[in-house]
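Written out below as structure tokens is the structure these notes cover.
The values are calculated or read from the model by the stated rules, or taken from the named source; none is laboratory data. Predicted model, so just to flag it, every value in this text is computed and none were measured. Cβ placement follows ideal geometry from the backbone for every residue including glycine, while neighbour counts extend to all protein chains displayed. SASA here: full protein model, heavy atoms, side chains in, ligands and nucleic acids out. Shrake-Rupley method; radii C 1.70, N 1.55, O 1.52, S 1.80 Å.
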Amino acid sequence: MNEFRIEYMTSAEIGDAIADGARTAILPLGAVEQHGRHLPLSMDADHADELAVRVANDLGGALVLPTVRVGYSPHHLGFPGTLSLRASTLEAICEDYGAHLAASGFERMVLFSGHIGNYPVMRDFELRLADKLAPLSVIVFTDSEAILDAWRWAADDMASLGGNVGGHADVAETSVMLALHPDKVRVERFARGYSGMVDKGVLDRAFREGISSISPNGVLGDPAGASPSIGAACLDAVTSLIVQHARARGA
């Protein structure tokens with residue numbers, strides 16, 4: 001099948017795909033938020049778009065729901081243009097997306113995010129969502145630390161640049177955008193942001209006080225050295241993480 005995204009398919013084509021064995025719906029979450037001076041606000045949503053198609057292709061028997069493009073981003077609201085949903089709103093949207101899937105013939109929904117900031121919210125609502133959407137099986141990938149580790153490994157393996165991974169507008173995210181939409185990257189505006197270890201304490205402070213309290217330019221890490229090849233390696237690595245998790249849960 002050449003198209004996995006239901007918004008670009010006809011209803012008859014979706015029905016045929018389900019009749020042919022498509023039982024998994026992939027729900028990608030994104031964000032519309034600042035990513036330094038060199039990346040567009042669409043970074044996380046564009047990332048989620050691509051990951052979802054890759055995950056569906058690798059899993060087989062899967063179709064992709066439209067990306068929830070705005071996410072939970074209150075810690076970025078100090079920067080112009082950032083949009084943010086309330087945690088309860090994001091949960092409700094995920095519930096509404098899944099509410100009628102079982103009636104259409106789907107058996108499970110796989111949920112992940114291209115935006116690290118959505119993960120605390122997803123971990124909080126995972127069990128509630130599964131309960132509300134039963135008998136639809138809900139598989140939520142929540143291991144944001146594994147994503148950061150995968151990015152570090154990919155950047156190190158390709159160019160010994162794992163130290164430039166901080167998790168936001170860094171060498172990994174910038175490389176992903178160079179691989180997907182190089183015309184959206186302002187390469188002349190690369191600038192290092194917070195370069196210390198991004199641990200739980202740093203992330204807690206970012207959520208509590210805003211990312212600008214840690215990085216005035218809104219970058220965690222350093223985009224220096226970003227390349228399409230690093231971006232492709234990051235996409236491969238994260239796709240593999242989500243697919244492995246989904247398969248382990250029965251997808």
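Rounded, prolate or oblate: pick one for segment 175-251, where a ≥ b ≥ c are the square roots of the eigenvalues of its C-alpha gyration tensor, a/c under 1.5 means rounded, and failing that, prolate if a/b is larger than b/c, else oblate. Mind dumping the intermediate values first?
Values: a/c = 2.73, a/b = 1.21, b/c = 2.26.
Oblate.
Leu127 versus Glu188, label points 7 Å from Cα toward the beta carbon: distance in nm?
It works out to 5.4 nm between the two label points.
Which of Glu145, Glu13, Glu91 moves the most in a Gaussian network model of the chain with Cα springs under 10 Å?
Top of the fluctuation ranking is Glu13.
In a GNM of the chain with a 10 Å cut-off on Cα contacts, which of His115, His100, His76 has the highest mean-square fluctuation?
Maximum fluctuation in the GNM of the chain, among the listed residues, is at His100.
Once both axes come from the Cα atoms, what is the angle between helix 87-98 and the longest principal axis of the chain, in degrees from 0 to 90, rounded to 10?
So the inclination is approximately 30 degrees.
Per 5 Å bin, what is the whole-percent P(r) computed from every C-alpha pair distance within segment 73-116?
For segment 73-116, the pair-distance distribution reads 5, 17, 20, 21, 14, 10, 7, 4, 1.
When the chain is fully extended, how far beyond the present Cα-Cα distance does Ile93 get from Arg23, taking 0.36 nm per residue of separation?
On the way: separation 70, 0.36 × 70 = 25.20 nm, distance 2.07 nm.
Full extension of this stretch gives 23.1 nm more.
Could you point to the residue in Ala22, Leu39, Ala52 farthest towards the positive end of segment 1-52's charge dipole, with +1 and -1 charges on the Cβ of Lys/Arg and Asp/Glu respectively?
Leu39
Compute the angle between helix 119-133 and the longest alpha-carbon principal axis of the chain, please, reported from 0 to 90 degrees and rounded to the nearest 10.
The helix 119-133 is inclined about 10 degrees to the chain.
How would the chain be classified by its alpha-carbon gyration tensor: rounded, prolate or oblate, with rounded meaning a/c under 1.5 and the a/b versus b/c comparison settling the rest?
Verdict is prolate for the chain.
Taking the 0 to 90 degree range and rounding to the nearest ten, how far is the long axis of helix 43-59 tilted relative to the main principal axis of the chain, both from C-alpha atoms?
40
Can you send over the carbon and sulfur percentage of the accessible area for segment 68-155, probe radius 1.4 Å, protein chains only?
Answer for segment 68-155 is 55 percent, counting heavy atoms of protein chains only.
Give me the log10 of I(q) over I(0) for segment 108-243 at q = 0.11, 0.13, 0.16, 0.18 Å⁻¹, as the Debye formula computes it from C-alpha points; what are the numbers?
-0.43, -0.59, -0.84, -1.01
With +1 on the Cβ of every Lys and Arg and -1 on the Cβ of every Asp and Glu, and nothing else charged, how large is the dipole of the chain about its Cα centre, in debye rounded to the nearest 20?
440
What is the extension gain from Glu13 to Ser240, computed as 0.36 nm multiplied by their sequence separation minus the C-alpha to C-alpha distance, in nm to one decimal? Please list the in-between numbers first.
Values: separation 227, 0.36 × 227 = 81.72 nm, distance 2.74 nm.
Going from the current span to full extension adds 79.0 nm.
Please state the shape class of segment 35-89: rounded when a/c is under 1.5, otherwise prolate if a/b exceeds b/c and oblate if not, all from the C-alpha gyration tensor.
Oblate, because a/c is 1.5 or more while a/b does not exceed b/c.
Going by average Cβ density within 10 Å per residue, which order do the peptides 191-199, 22-30 take, highest to lowest?
Values: 191-199: 15.1, 22-30: 24.4.
Ranking, from highest mean packing down: 22-30, 191-199.
Averaged per residue, what accessible area in Å² does the chain show with a 1.4 Å probe, protein chains only?
43
Only four residue types carry charge here, +1 at the Cβ of Lys and Arg and -1 at the Cβ of Asp and Glu. Report the dipole size of segment 23-95 about the Cα centre in Debye, rounded to the nearest 20.
Its charge dipole is roughly 60 debye.
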